[in-house]
Amino acid sequence: MSSSLKRAFEASNARDFTSHQLVNEFIWTNSFSDLLYSTKNQMVLGSRGSGKTALIKMLSHQNLRKLSDKIISNADNDESSQIDEAKKIIKEKSFIATYVPLKVEWINSLENYEGAKEAYFTWSLNLATCARFLDTIISCTDEYIEDEVEATLMQRKICKQLSNLWTLPKTINNFSEFRKELENIEYKKNLIFNKEAMGIELNVEEKTLGLAFHGNLFSPFTIATKAISNYLDIPDSSKWVLCLDEAEFLAEAHHKILNTHMRSANEIFFKITTMPYRHHTLSTTVKAHINVGHDLEYIYIDKLGTTNMNQTTADVTIEKFATKLFENRLKQFNTIEGISLEGLVGLSKLSQDTTELIDDDELLGLIESHCNPATKERAKRLHATNLNRFNDEIARKLRGILLLREEYHNRVGSSSTPLYSGTSILSRCSDGNPRRLFRLFNHLLNGNGKTTKITPEIQSKRIKSFSYSELEVIKFEKGGKMSFEFLQMIGSFFKERTLEVKLGSDLPQAIKLPNSIEDKTWEAIKSAVDLGLMYPVMKKDSNHKNLFPIKEGTFCLANCLAPHFNLFPRVGKAIDLFNVMSPKKGNKQLGLFSET
Amino acid sequence: MKHNIRVNDLSRSEFINNEYDLVILASGYEPRCTYVASLLTGTRITDPIVFSYEESSTDPAQIENEKTLGDFGFDQKLSLNHNEVKKVYQAIIEKLKFIAVGSEPYKILIDYSSMSRNWYAAILNYLFNFFDHTVEITFVYSCAEYPLNSGFLDFELGDVKILPGCQGSSITKSKTAGIFMLGFDKIGPLSFHNLLEPNLTYGMLSAPGSLPDYEQQARDINGQFIQHQLNDGKNLLCSPIFSVSQTFENLCQLIRPIKEEYNISIVQFGPKPHLLASTLAGISFKNVSCIYSEYKRSKSHDVKASGELVITTITINHNPTKN
C-alpha cells in the first residue's frame, strides 16, 4: 500500500490529466464561480502551478458536462450543489466554452517567419481555436442529441458546413477525418510559410490553402459558433467563450491584438490565463487602451484567491483545500483506504493557537530569553493587567516564532526539528498552490515505510528538502539566477531577524518597494512572483480584480520557503527593501547581485 | 515520413577521398573549426563557402581561424548572425540555382562542428522540402575535449527557439510528448520540462560519449531529471555519439508508435551528432518540433579538436522511382 500511496502524488500537472481525472479531482473554488458567472472578459493571473489550467480547462463544455454527470456520496452538500449548478448550465446551454492551449512550440516558431509574423500568428491562432472547437462541437452533439442515427446525421451536416465555412480543400463528413484534415493543413501551411521565408514564390494553390484562417482573428471560430447554434438550437442568450491558456508565451504585440478583441468583441467572451506579471500591456492596436474593470477584469488566483482576506480566513480556506485535494487524489486509487491527511501527519504544534501546547509561564520564560527589553516589559505588563490583550498582541504573534527559535538554539548534533509538521503547517507551506501541494505530498511520502503515520521529525526533514527544491526551481528559468540570489538575500535577512536578533512583537517577513527600485531588482521580483516564490500583499478586502502592484507595493516571501530559511510561515510585517539590502547589524553588507 | 531519405555513417578515408560540389564550413572562436578544413587539402572541391559568426567577428581567435581557413583555400566568406537564416537560404539557393537536371546526386559537405544549428537546419529545410534534385550531404563533426572545469558549464539559459523547418503540428495536436536529448546541462532539461509540461517524456543520452568518462558525467549531471522525469531511467535511451544513423534510427523508433497521438517536441541539449539526428527527425516527420534554448556564456572557451570525427551521409531522394 505504501508504494501506491507514494505513487499517488507523482503526477501533478493539469495538462497531463485525462479529462476523467481532472473532473474527479477538481475542487470548485470561488475563482471558478467568478469565471463561470461573470459577464466580462477575464484574465486569470496566477503563478506556475496555481491551477490556472485546471480552472479554465474545467470551464470547457466537455469537462463541465462530465462534472455535471459526476456521481458523489450525498454527504458532501457543497459538491452536490456545485454539480447541480453544472447540470443547470449544461442543460440550459447558457455557457459554452472551448479550451485552447497556446503552445510554446508554435508561438516561438513565429520568429522564423520574419516579415510574416503577424500573419502567421493570426493564421495559427485561428486554426488552433477551430481545431479545439471540434472538441466542443463533439461534446455538444453528444449531450444534446440522444438518438445515435440522428447524431451521425448531424455530425455529417456540421462537418459539411464547416468544410465550406473554413474553405477546406475537400468536403468532410465526420469529426475524425476533420481533425486529420486540419493537421494536414497545418503541415502544408508550415511548408508554405517556410517557402515564403526563403523568398520563393508561391503558386495559386499554395496561396489559397487555409485561406479562411487568414481572415480576421477569431472570425472562423465566431462564424462556426453561429452555425452550431442553428444546428443544436443553442439560444441567442448563450455565452460562447474562448479559454486561451498560457498567454505568457505571447509577445507584447500579441497581447495588444488580444486586448483589441476583448475591447471590441461582443459575440464571444475571453478567459485568458497568464502569470501575474505576464499580461504585457494594456495597449491595443487602436488608439484606446483596454479598460480594466470595464472591458476586462483580473482574477488573481494565487493563494486560492485569498490574498485580500485576513490571515485566519486565508489559512482555513487553504487547509480545507489541501485536505480535499489529498482526499480526492486518494479516491482515484482503490487500493488505498482509510488514510486521511490529519491521520498521516497529525496536528501542527507550531501553529496551534492554544495554551495546551505551551502554557503562559513557559511562554513568558521564552519571551524573557528571546525578546528585546521593550517587548519583555510589555508582555509582563499585559500578562498582569489584561490577558486578552496579552494573547492577541503578544502570545498569538510570537508563540510559533519563539518555539522555532528555542528549538534552533538548543538543537544538538544532527537531531531534527519536529516543528515543520502537521496539516496546518503543511497546508500553509503549500501557499494554496495545488501543484506545490502534490510535490509536498510526494516529498512527504518519499521513502515512506509501511506506516500510515509519519513522525514530526521525518515530516520536518522532508518539508525542508521540499522547501529548498522549491527555491532551486527558479534557477532553471531564464534570468532566474538573479531571482535566486534575491530570494536568498531576503530569506537570509529574515532568518537572521527571526533567529538571532532579539525579537520585538512585529517581526518583519515582507518587503516594501519604492517606485524607484532598479529595473533589475524589479525583474527579479516579478520572476519570483510569476513562479509563486513571492506574493504581493493586497489590502484587506480590496477589489483584487483591479489592483496589482507595479513596483511600488508590498511583497512577502512564499510560505514554501519558510522551512528552508527556518522561518515561521506567515506574512509578517513589511520592511523597506533598502533596510534589507543595507542591514544595520553585523558586517554582512549585501550586494544585491553577484557581478556578472 | 515526409521524404525518402537514407542516413549512413561514413569512414574517415571515404570522407576524405570523396569529391564535393559544395563545401560549407563555419568559422567561430573555437580552434576546432579549422580541423576538418585541414584534412581537405587533397580533396576535389568545386565550390567552398565559410559561414562566419558576425557577433564574434572581432574575436582574435575567430580572426586567426579565418586566416587559417583562407590559407587552406576557403576564402569565400558570408558573415551572418547565429540565428539569421534568411542569409543562409539566399546563399544556398544562389549556389544551387544552376544545377543540371538528371545529373548525379549533388554532393555537399558540411562541417557542423562549430556551426549554428539554425544554419544547418535551414540548409536541410531547403534541401528536404524545396530542392528538386537528389542530393547527398556529408556532415562532419570534429570531436573535442571540453574544458568542463573552467567555467564551461557556467551559463544562463536564453531565449527559447524553434529550429527552422521543425515546427511540428503543435497547433492541431492536443497532446505533447517530449524527447529530451541530454548533455552536460543540469538545469536546461528541467526548465524545458516545466515549460512544455509533456504528457509523455523520454530522454536520450550519449553512450558511449566522445571520451570514456563523458557518459558517466552526463548521467551524474542529469541524475535528478532521470530519476524524476524519466521514471528512474526506464524512459531513458542510450545512443552512441559516433553514429548519427543509429541515433536517428533510435529516435524513429521512439517517434513512430506515438506520432499519431502526440506532437513530439525534441528538446535539444546533448552532443552535436545527437542534435543533427534530432534535427533530421524534426525535418522528416511532420509532427516533430525541435526546440532549444540559446545560451549566454560570459566568455569564449578553448574547444580544441581531439582528432576523432563523426561522419554521416544523408541522401535525399526526391523522386525514388527514378533510381
Tell me, please, whether a residue that is touching a residue at least 60 places away in the same chain (Cβ under 8 Å), out of contact with any Cys (no Cβ under 9 Å at 6 or more places or on another chain) and within 14 Å of chain A (Cβ to nearest Cβ) can be found in the range B:236-257.
no
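How many residues, within the range B:248-268, are within 20 Å of B:PRO198 (Cβ to Cβ) and either open to solvent by 10 Å² or more (accessible area, probe 1.4 Å) or part of a helix (DSSP H, G or I) (or both)? Explain how you work it out, then say what you get.
Step one: filter the range B:248-268 for residues within 20 Å of B:PRO198 (Cβ to Cβ), giving B:250-268.
Those left that are additionally either open to solvent by 10 Å² or more (accessible area, probe 1.4 Å) or part of a helix (DSSP H, G or I) (or both): B:250-262.
Of the residues in the range B:248-268, 13 are within 20 Å of B:PRO198 (Cβ to Cβ) and either open to solvent by 10 Å² or more (accessible area, probe 1.4 Å) or part of a helix (DSSP H, G or I) (or both).
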Please give the number of the condition A:VAL100 fails out of (1) without any contact (Cβ under 8 Å) to a residue 60 or more places away in the chain; (2) within 14 Å of chain B (Cβ to nearest Cβ).
(1)
Can you tell me which condition A:GLY199 does not meet? The list is (1) crowded, with 17+ Cβ neighbours inside 10 Å; (2) within 12 Å of chain B (Cβ to nearest Cβ), and all the others hold.
(1)
Test A:LYS464 against the stated conditions and say whether it is assigned to a helix (DSSP H, G or I), modelled with pLDDT of 90 or more and open to solvent by 20 Å² or more (accessible area, probe 1.4 Å).
yes
Name, by its number, the condition in (1) in contact (Cβ under 8 Å) with a residue 24 or more places away in the chain; (2) over 20 Å from the mean Cα position of the chain (by Cα) that does not hold for A:ILE525.
(2)
Suppose we filter the range A:125-181 for residues that are in contact (Cβ under 8 Å) with a residue 60 or more places away in the chain, among the polar types (S, T, N, Q) and in contact with a Lys or Arg (Cβ under 7 Å, 6 or more places away or on another chain); how many remain?
1
Please enumerate the residues belonging to the range A:426-477 that are away from chain B (no Cβ under 14 Å), of a type in the set (D, E, K, R) and touching a residue at least 40 places away in the same chain (Cβ under 8 Å).
A:ARG428, A:ASP431, A:LYS450, A:LYS453, A:GLU457, A:LYS461, A:LYS464
I'd like to know if the range A:391-405 contains one or more residues that are outside any helix (DSSP H, G or I) and either out of contact with any Ser or Thr (no Cβ under 7 Å at 6 or more places or on another chain) or open to solvent by less than 90 Å² (accessible area, probe 1.4 Å) (or both).
no
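Could you list, in sequence order, the residues of the range A:111-125 that are part of a helix (DSSP H, G or I) and within 9 Å of chain B (Cβ to nearest Cβ)? Show your work before the answer.
First, the residues of the range A:111-125 that are part of a helix (DSSP H, G or I): A:111-112, A:117-125.
Across the range A:111-125, the qualifying residues are A:GLU111, A:ASN112, A:SER124, A:LEU125.
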Can you spot a residue in the range B:47-57 that is touching a residue at least 60 places away in the same chain (Cβ under 8 Å) and either among the polar types (S, T, N, Q) or not in a strand (DSSP E or B) (or both)?
yes
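Quick one: which residue in A:LEU134, A:LEU162, A:LEU153 is over 36 Å from the mean Cα position of the chain (by Cα), more than 9 Å from chain B (Cβ to nearest Cβ) and within 30 Å of A:SER68 (Cα to Cα)? Show your work before the answer.
Details: A:LEU134 fails: over 36 Å from the mean Cα position of the chain (by Cα); A:LEU162 fails: over 36 Å from the mean Cα position of the chain (by Cα).
Only one candidate passes the filter, namely A:LEU153.
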If only one of A:HIS383, A:HIS370 is open to solvent by 50 Å² or more (accessible area, probe 1.4 Å) and modelled with pLDDT of 85 or more, which one is it?
A:HIS383
How about the range B:70-82: which of its residues are within 14 Å of chain A (Cβ to nearest Cβ) and open to solvent by 10 Å² or more (accessible area, probe 1.4 Å)?
B:ASN81, B:HIS82
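For the condition buried (at least 19 other Cβ atoms within 10 Å of the Cβ), over 25 Å from B:SER278 (Cβ atoms) and more than 14 Å from chain A (Cβ to nearest Cβ), what is the one hit in B:SER57, B:SER52?
Details: B:SER57 fails: buried (at least 19 other Cβ atoms within 10 Å of the Cβ).
So the residue among B:SER57, B:SER52 that is buried (at least 19 other Cβ atoms within 10 Å of the Cβ), over 25 Å from B:SER278 (Cβ atoms) and more than 14 Å from chain A (Cβ to nearest Cβ) is B:SER52.
Listed residues B:VAL7, B:VAL36; which is open to solvent by less than 40 Å² (accessible area, probe 1.4 Å), closer than 24 Å to B:GLN246 by Cα and assigned to a helix (DSSP H, G or I)? Show your work before the answer.
On the way: B:VAL7 fails: assigned to a helix (DSSP H, G or I).
Testing whether each residue is open to solvent by less than 40 Å² (accessible area, probe 1.4 Å), closer than 24 Å to B:GLN246 by Cα and assigned to a helix (DSSP H, G or I) leaves just B:VAL36.
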For A:ARG48, all conditions in the list (1) at pLDDT below 90; (2) part of a loop (DSSP other than H, G, I, E, B) hold save one; what is the number of the exception?
(1)
Residue in the range B:198-214 that is nearest to the chain's Cα centre (by Cα), counting only those that are within 11 Å of another protein chain (Cβ to nearest Cβ) and either at pLDDT 95 or above or buried (at least 21 other Cβ atoms within 10 Å of the Cβ) (or both)
B:THR201
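Looking only at the range B:83-113, which residues are away from chain A (no Cβ under 14 Å) and not in a strand (DSSP E or B)? Break it down into steps so the answer makes sense when it comes.
Of all residues in the range B:83-113, those away from chain A (no Cβ under 14 Å) come to B:98-113.
Once the filter is applied, which keeps residues that are away from chain A (no Cβ under 14 Å) and not in a strand (DSSP E or B), the range B:83-113 yields B:PHE98, B:ILE99, B:ALA100, B:VAL101, B:GLY102, B:SER103, B:GLU104, B:PRO105, B:TYR112, B:SER113.
Tell me the residue from B:LEU275, B:LEU280, B:LEU195, B:LEU251 that is of a type outside the set (Val, Ile, Thr) and under 23 Å from A:THR18 (Cα atoms), please.
Working: B:LEU275 fails: under 23 Å from A:THR18 (Cα atoms); B:LEU280 fails: under 23 Å from A:THR18 (Cα atoms); B:LEU251 fails: under 23 Å from A:THR18 (Cα atoms).
Step by step, each of B:LEU275, B:LEU280, B:LEU195, B:LEU251 is checked, and only B:LEU195 is of a type outside the set (Val, Ile, Thr) and under 23 Å from A:THR18 (Cα atoms).
Go through the range B:202-240 and report how many residues are among the β-branched types (Val, Ile, Thr) and within 22 Å of B:GLU294 (Cα to Cα).
Here the count works out to 1.
Counting just the residues of the range A:89-119 that are aromatic (Phe, Trp, Tyr) and crowded, with 23+ Cβ neighbours inside 10 Å, which one comes out nearest to A:SER219 (Cα to Cα)?
A:TYR99
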If you scan the range A:491-513, which residues turn out to be farther than 21 Å from A:CYS560 by Cα, at pLDDT 90 or above and surrounded by fewer than 19 Cβ atoms within 10 Å (Cβ to Cβ)?
A:GLU500, A:VAL501, A:LYS502
State which residue pairs qualify: first residue in a loop (DSSP other than H, G, I, E, B) and of a type in the set (Gly, Ala, Ser) and inside the range A:478-502, second residue at pLDDT below 95 and open to solvent by 10 Å² or more (accessible area, probe 1.4 Å) in any location, beta carbons under 7 Å apart, and separation of 6 or more residues or different chains.
A:GLY479/A:GLU523; A:GLY479/A:SER527
Residue satisfying condition, being open to solvent by 50 Å² or more (accessible area, probe 1.4 Å), among the polar types (S, T, N, Q), more than 13 Å from chain B (Cβ to nearest Cβ) and not in a loop (DSSP other than H, G, I, E, B), within set A:SER73, A:SER81:
A:SER81
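Counting only residues that are of a type in the set (Gly, Ala, Ser) and in contact with a helix residue (DSSP H, G or I) (Cβ under 9 Å, 6 or more places away or on another chain), give me the helices (runs of 4 or more DSSP H) lying completely in the range A:137-245 with at least 1 of them.
Working: elements: A:148-165, A:175-197, A:204-208, A:219-232.
Output list reads A:148-165, A:175-197, A:219-232.
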What's the number of the only condition in (1) assigned to a loop (DSSP other than H, G, I, E, B); (2) at pLDDT 85 or above; (3) over 28 Å from A:LYS376 (Cα atoms) that A:LEU592 fails to meet?
(2)
What number of residues in the range B:66-110 are touching a helix residue (DSSP H, G or I) at 6+ places or on another chain (Cβ under 8 Å), among the charged types (D, E, K, R), under 24 Å from B:ARG32 (Cα atoms) and modelled with pLDDT of 90 or more?
2
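The values are calculated or read from the model by the stated rules, or taken from the named source; none is laboratory data. All values derive from a computational prediction rather than experimental measurement. Note that we place each Cβ from the backbone using ideal geometry, even for glycine, and neighbour counts take in every protein chain shown. Keep in mind that these areas ignore ligands, DNA and RNA; they rest on the heavy atoms of the full protein, side chains included. Shrake-Rupley method; radii C 1.70, N 1.55, O 1.52, S 1.80 Å.
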